[in-house]
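Okay, so here's the structure we're looking at.
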């Protein structure tokens, strides 16, 4: 069958609806996760170099710009963690307990609770062992 | 088809028009259609064709959300026009366009040739593990075994999920949501032994790995199929298959 069809452009597809914009936000949040991981990696490298470079890295983190970055990064981290768990059930085979399928909402809630618990534990561990 | 005009109310239906013989690109045409609160968008389109403009071209068949013919974009959202009511668009009116990500043949009609080819590649039928004859009798399944694939078997090939998938729009080679959901429907069936034969489609760059889990396909599906889940479960199976081959190049067993 030969016929002249019209193919519509795809440019700007993510502006078409809220679902696409939320998806783009989820994907974009990973950029901030990467940036923060790099900051931590630099800290590790500075620690390996000795006390003075490590203290200089810590001092650099105490500047207003670094603090502002942390606040923004924290926001994107929360967004990233939540959206990650929200899609997690899609990546899993059906899980059954006592013959019934575990609902997606329970999996999302369990994942999110585990993330919150792990964050709290880490925070308390750092708090209790502070100099 | 006749709609009793017992109302003076009208609603504006704006249709994308494209005539391949005379148009270089689509245009829009608005029709004022008599409105009652129990009319579907499809009935509105039928009124246009019967009473206002016989040249308007669109697909439809069953009028009851089972044939999968009347998928359209309604105000930019993929939906079956037979189960979408005009009252949801009152009084602003509704814009009706052919499903996005597909070439337009004429007006609201799209070319699904690409999908039909992809559907064929996933071998959407039961491939028995061993040859069977009728005398072997029925093959019973437990409710849990049926639950593994039942919702995927509800697909009506309406292509709303392809219109919802930006990856299909950007990467037309992508096997896509419905075809991969149907692939999983048979792989997940305890009576089927064709998983190894379908693995090549799953493993391909254009298979499950073209999906970035936008997830909108599962939102727009009118039959409760969850293509996003079918595809992303098979990313795990594809990874297992990859390592199984790395460790045992002759092995072909996939769970």
Report task. May I ask you to verify whether residue B:47 is over 25 Å from the mean Cα position of the chain (by Cα), surrounded by 15 or more Cβ atoms within 10 Å (Cβ to Cβ), at pLDDT 95 or above and assigned to a helix (DSSP H, G or I)? Result -> yes
Query - Odd one out for residue B:107, checked against (1) exposed (fewer than 12 other Cβ atoms within 10 Å of the Cβ); (2) over 14 Å from the mean Cα position of the chain (by Cα) - result: (1)
**Report entry** Among (1) crowded, with 21+ Cβ neighbours inside 10 Å; (2) more than 18 Å from the chain's Cα centre (by Cα) - the single one residue B:98 does not satisfy
**Finding:** (2)
Query raised in the report: Quick one: what pairs do we get from region A:56-82, first residue more than 13 Å from residue A:39 (Cα to Cα), second surrounded by 12 or more Cβ atoms within 10 Å (Cβ to Cβ), C-beta under 6 Å, 6+ apart or different chains?
Result: A:76/A:29; A:76/A:32; A:79/A:29; A:80/A:29; A:80/A:33; A:81/A:115
Report task. Consider only pairs whose beta carbons are under 8 Å apart and that are at least six residues apart or on different chains; among these, list those whose first residue lies in region B:103-130 and is within 14 Å of another protein chain (Cβ to nearest Cβ) and whose second residue is outside any loop (DSSP other than H, G, I, E, B) and surrounded by fewer than 20 Cβ atoms within 10 Å (Cβ to Cβ). Result -> B:103/A:6; B:104/A:6; B:104/B:16; B:107/B:16; B:107/B:17; B:108/B:16
Report task. Taking the residues in region B:132-148 that are assigned to a loop (DSSP other than H, G, I, E, B), touching a residue at least 12 places away in the same chain (Cβ under 8 Å) and more than 10 Å from chain A (Cβ to nearest Cβ) as candidates, determine which candidate is surrounded by the fewest Cβ atoms within 10 Å (Cβ to Cβ). Result -> B:139
Report summary line: Of (1) under 30 Å from residue B:99 (Cα atoms); (2) in contact with a strand residue (DSSP E or B) (Cβ under 8 Å, 6 or more places away or on another chain), residue A:95 fails just (1)
Report task. Please specify each residue of region B:118-131 satisfying the condition of being modelled with pLDDT under 95 and either loosely packed, with under 10 Cβ neighbours inside 10 Å or outside the structural domain of residue B:190 (by TED's automatic domain parsing) (or both). Result -> B:130, B:131
Query raised in the report: Would region B:168-188 turn up any residue that is part of a loop (DSSP other than H, G, I, E, B), buried (at least 19 other Cβ atoms within 10 Å of the Cβ) and more than 14 Å from chain A (Cβ to nearest Cβ)?
Result: yes
Query raised in the report: Quick one: residue B:24 ticks every box in (1) within 14 Å of chain A (Cβ to nearest Cβ); (2) in contact with a strand residue (DSSP E or B) (Cβ under 8 Å, 6 or more places away or on another chain) bar one, so which box is it?
Result: (2)
Query - Which listed residue is under 17 Å from residue B:221 (Cβ atoms) and at pLDDT 95 or above, from B:88, B:157 - result: B:157
Report summary line: Restricting region B:189-203 to residues that are free of Cβ contacts under 8 Å to residues at least 60 places away in the same chain and not in a loop (DSSP other than H, G, I, E, B), the one surrounded by the most Cβ atoms within 10 Å (Cβ to Cβ) turns out to be B:202
Report summary line: Matching residues in region B:222-232 (farther than 9 Å from residue B:208 by Cβ, part of a helix (DSSP H, G or I) and either touching a strand residue (DSSP E or B) at 6+ places or on another chain (Cβ under 8 Å) or facing chain A (nearest Cβ under 7 Å) (or both)) number 2
Query raised in the report: So which residues in region B:58-78 are out of contact with any strand residue (DSSP E or B) (no Cβ under 7 Å at 6 or more places or on another chain) and closer than 13 Å to residue B:223 by Cα, if there are any at all?
Result: B:64, B:66, B:67, B:68
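Could you check, for region B:119-130, whether at least one of its residues is under 14 Å from the mean Cα position of the chain (by Cα), under 26 Å from residue B:64 (Cα atoms) and part of a helix (DSSP H, G or I)?
Residues of region B:119-130 under 14 Å from the mean Cα position of the chain (by Cα): B:119.
Next, only the ones that are under 26 Å from residue B:64 (Cα atoms) stay: B:119.
Applying the additional criterion that residues be part of a helix (DSSP H, G or I) yields B:119.
Yes; the residues of region B:119-130 include at least one that is under 14 Å from the mean Cα position of the chain (by Cα), under 26 Å from residue B:64 (Cα atoms) and part of a helix (DSSP H, G or I).
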Query raised in the report: Restricting attention to region B:76-98, and to residues there that are facing chain A (nearest Cβ under 10 Å) and in a loop (DSSP other than H, G, I, E, B), which single residue is nearest to residue A:12 (Cα to Cα)?
Result: B:76
Report summary line: Quick count over region B:204-221, residues being part of a helix (DSSP H, G or I) and either surrounded by 19 or more Cβ atoms within 10 Å (Cβ to Cβ) or not assigned by TED's automatic domain parsing to the domain that holds residue B:168 (or both), is 6
Report task. Might you check whether a residue that is away from every other protein chain (no Cβ under 14 Å), more than 30 Å from residue B:148 (Cβ to Cβ) and either under 14 Å from the mean Cα position of the chain (by Cα) or at pLDDT below 95 (or both) occurs anywhere in region A:98-116? Result -> yes
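The values are calculated or read from the model by the stated rules, or taken from the named source; none is laboratory data. Because the structure is predicted, anything quoted here is derived from the model rather than measured. Here the Cβ is made from the backbone with ideal geometry for all residues, glycine too, and neighbour counts use every protein chain on show.
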